[in-house]
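Notes for the one structure printed next.
Laboratory data are not the source of any read-out in this text; all were calculated from the coordinates shown. Worth saying up front: this structure is predicted, and the values here are computed from it rather than measured. Note: ideal-geometry Cβ built from the backbone for every residue, glycine included; neighbour counts use all protein chains shown.
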Amino acid sequence: MNTTEDYHHPNTLLKDLAVFVTTIALCTFFLTVSVTFSNYSPSRLHASLVRAEQQPSVRPEQVPSPEVGPQDQRFAAAPTDATQKPTAPVKKSRPESHLPFHRIVAQVAGRYEIDPSLIQAIIFAESGYNPKAKSKKGARGLMQLMPSTAKAFGVRDIYDPKQNIEGGVRYFKYLLDRYNGDVQLALAAYNAGSRHVEVYAGVPPFKTTQRYIKKVLKFHKKFKREKLPEQRRLA
């Protein structure tokens with residue numbers, strides 16, 4: 001057998017070349033794997049863990065808070081604690097008067113530029129704050145209006161507190177203007193009638209009318225003194 005011819009045969013050369021290439025590839029593969037696994041050796045892993053533990057920890061307060069836009073302000077202001085309740089704005093309470101119908105009196109008297117305390121005193125002297133009061137002479141309601149007077153000043157329901165006060169204040173304002181702001185003459189006319197004030201050119205000598213004027217002026221001062229502390233608290 002001629003071995004020289006077999007060695008130089010093309011098939012033999014191809015087989016030898018394939019074996020050589022395969023050997024080179026296997027050597028390269030094992031070399032790469034060994035280098036890769038050497039990076040994950042226990043010593044290297046331990047060194048990495050030590051470096052990580054030595055890194056300075058970041059505290060929560062060092063972390064910058066995200067910027068809050070205008071549309072998120074309502075969420076940023078919300079309490080973080082579930083047990084904490086939002087505090088409602090404190091409203092300043094306006095002291096209420098202890099006198100009955102004080103709201104109506106204050107509104108109507110203010111409109112006609114009359115001291116509300118004076119109107120309260122007239123109501124107290126006339127009816128004792130009884131909206132259904134009726135005198136023997138026919139005067140009715142809180143300010144004891146005669147039906148003809150009530151009609152003249154636009155009162156439809158004489159027993160309605162608001163309408164009665166409205167008509168009474170308008171009538172008293174008319175008397176004040178008639179007697180140039182003289183409160184005593186206006187009160188005398190309110191009680192006894194303008195005719196008697198004209199006849200006597202002043203306060204009539206009737207005891208009931210004189211007692212009435214004293215009573216109104218007395219309670220006017222009383223109600224006004226009680227109102228001053230409220231005004232100071234509101235100032």
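When you restrict to C-alpha pairs under 8 Å that are six or more residues apart and normalise by the size of segment 102-230, the relative contact order lands at 22 percent.
Model label sites at Leu217 and Asp182, defined 7 Å from Cα along the beta-carbon direction, differ in position by 1.3 nm. Could you check the simple spin-label distance between Glu113 and Lys137, using points 7 Å along Cα→Cβ, in nm with one decimal? If labels sit at Glu113 and Lys137, their model points lie 3.0 nm apart. This ranking places Ser127, Ser148, Ser135, Ser194 by how few other beta-carbon atoms lie within 10 Å of each, fewest first, which gives Ser148, Ser135, Ser194, Ser127. Here each label is just a point 7 Å from Cα along the line to Cβ, and for His98 and Lys207 those points are 3.3 nm apart. Packing here is the average count of other Cβ atoms within 10 Å per residue, and on that basis the peptides 183-190, 156-163, highest first, run 183-190, 156-163.
When a/c is below 1.5 the answer is rounded, else prolate if a/b is larger than b/c, else oblate, so apply that to segment 102-230 with a ≥ b ≥ c taken from the square roots of the Cα gyration tensor eigenvalues. Note, shape of segment 102-230 comes out rounded.
All other residues with a Cβ under 13 Å from the Cβ of Ala201 taken together, and with Lys, Arg as +1 and Asp, Glu as -1, what is their net charge? So the surrounding residues net to -1.
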